[in-house]
Amino acid sequence: MPEITRGADRPPGTRYGNRPTMKDVAARAGVGLKTVSRVVNGEPGVTPDTERRVQEAIDALGFRRNDSARVLRKGRTASIGLVLEDLADPFYGPLSRAVEEVARAHGALLINGSSAEDPEREQELALALCARRVDGLVVIPAGSDHRYLEPEIRAGVATVFVDRPAGRIDADVVLSDNYGGARDGVAHLIAHGHRRIGFIGDMPRIHTAAERLRGYQAAMADADIPVAEHWMSLGATSPERVRREAEAMLCDRDPVTAVFTGNNRVTVTVIRVLAEHSRQVALVGFDDIELADLLQPGVTVVAQDAAALGRTAAERLFRQLDGTLVTPERIELPTRLITRGSGELSPAG
């Protein structure tokens, strides 16, 4: 039989979920409710001995202050919500951390959740956070119509969109230069002699995917390179689909000599496909990936600053809450081309 270590005995008659109240603290310490309130809120007018007794009662009972009453008095919960696309995506780790650091600097708690790229789930999550009286929302949108947030914004919920713009409402948005970054990445491949360049990206309805495709097309047009229809593929980023599309481009009668990948998940799958092919194929990916510099060759990428996106969005959110921002703005952050070897390969044959 496993040994069971029991914690401290619970007060008689209590059940899990029944939290100790200020009344319980007052009874244990032998003082009035007002005295407990003063100690809990750090107010003056309590003798050191009484304060010690109240604190001992608080520690013994595990009492925690209920901030609901303070919310009613001040109209603020000191909490903000973050709606992400996918909590498991490495891109959102530094973005979320940056939002949290800004929130913490303002004495606020961050509550986040994932939409799983589902517009209905995004709306459900955003409105659930508003129902819990968050002061503001940072949203990476999955949908294209955000009019459902208009009543919340009118009610005073500060709102900033990040990575993708809001749909059908005027709101602050912080983006990366997806078009310019993709254009630079493809131009880099062209500068190394490539003319048959494939593009594999995310769903076409997603703003970032559409902008990166537009950048690819612009770079090819700048170089007067006609683009075959089958060189472009947008859709789900599942490994199965990406592998199928990559292999079709590589095994075509007139195969591509380079591939530009539209995000980190696509890049990882294409790296696996290229490792199975003996022919040398150049690669530039949008978004950096972990260990990209340790592969042979290293992976050339167009890197976004995810932390800067999160930090800029959160700072604008708190400026809205402070009343120093009134007119919504669109802020576009630059990307950076990091050359490591895969994007500098010359066309084979």
The range 215-242, residues that are among the charged types (D, E, K, R) and surrounded by 12 or more Cβ atoms within 10 Å (Cβ to Cβ): D222, R241
Kindly check whether there is at least one residue in the range 3-15 that is at pLDDT 90 or above, in a loop (DSSP other than H, G, I, E, B) and either more than 23 Å from V134 (Cβ to Cβ) or not charged (D, E, K, R) (or both). no
Which members of the range 325-339 meet the condition of being more than 30 Å from G136 (Cα to Cα) and surrounded by fewer than 16 Cβ atoms within 10 Å (Cβ to Cβ)? R336, L337, T339
Subset of the range 165-181 (residues that are out of contact with any Ser or Thr (no Cβ under 6 Å at 6 or more places or on another chain) and over 15 Å from E329 (Cβ atoms)): R168, Y179, G180
Given (1) open to solvent by 30 Å² or more (accessible area, probe 1.4 Å); (2) among the aliphatic types (A, V, I, L, M); (3) under 26 Å from N112 (Cβ atoms), identify the lone condition not met by A308. (1)
Top-ranked residue of the range 313-335 - restricted to ones that are assigned to a helix (DSSP H, G or I) and without any contact (Cβ under 8 Å) to a residue 40 or more places away in the chain, ranked as farthest from D170 (Cα to Cα): D322
State the number of residues belonging to the range 22-67 that are open to solvent by 30 Å² or more (accessible area, probe 1.4 Å), touching a helix residue (DSSP H, G or I) at 6+ places or on another chain (Cβ under 8 Å) and within 30 Å of V134 (Cβ to Cβ). 8
Counting only residues that are in contact (Cβ under 8 Å) with a residue 40 or more places away in the chain and assigned to a helix (DSSP H, G or I), which one in the range 202-214 is surrounded by the fewest Cβ atoms within 10 Å (Cβ to Cβ)? H207
Do you know which residues across the range 143-169 are of a type in the set (A, V, I, L, M) and open to solvent by less than 10 Å² (accessible area, probe 1.4 Å)? L149, A158, V160, V162
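The values are calculated or read from the model by the stated rules, or taken from the named source; none is laboratory data. Values in this document were obtained by computation on a predicted structure and should not be read as measured data. Note that each Cβ is placed from the backbone with ideal geometry, even for glycine, and that neighbours are counted across all protein chains shown. Areas reflect the complete protein model, heavy atoms only, side chains present, ligands, DNA and RNA absent. Shrake-Rupley method; radii C 1.70, N 1.55, O 1.52, S 1.80 Å.
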